[in-house]
Amino acid sequence: MFLLTDLSGMDWNALVVPVVRYTLLAALVTVGAAYLAFSSGPTLLLLAGAGVILVVLGAAEAGPAPASGVEGAESGDVGSLDSGGMGAVEEGMQLVPGVGPDPGAHYSLRAKLLFYGLGLLVWAIAGLAVLLR
């Protein structure tokens, strides 16, 4: 259960930058350009479908798994990072890196796909709502 880990220690403020950058700006520019260029429902439906696919890919990317983590999982040692257990695998699955001088500088592909896909989906639905009114 990697996704059901303790989220209370997560820095939620670090997610603000990718949400603004990918969900609000990049996706809005993409959907806005498609809306202005085509002003048609099928184009926005295709973008919404692409958004769903990107969300699924972003949520499903497993991240890097060290060989010692796989061995530890097979031997039943799933406890700590030191022993190379599943904790090491969990560490590679984070949305936002937690180390370095600027932790928000390099976001994972998982975060980019997830937030951009969410933005495409939401903005395409908003564009469809405008077309249908």
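Values quoted throughout were computed directly from the atomic coordinates according to the rules given, and no laboratory measurement underlies them. All figures in this text were calculated on a predicted structure; none of them were measured in a lab. We place every Cβ from the backbone using ideal geometry, glycine too, and count neighbours over all the protein chains shown.
Brief remarks follow.
- Look at L114, L132, L120, L57 and count the other Cβ atoms within 10 Å of each Cβ; fewest to most, that gives L132, L57, L114, L120.
- With 0.36 nm allotted per residue and the present C-alpha distance subtracted, the A126-A37 stretch has 30.4 nm of extension available.
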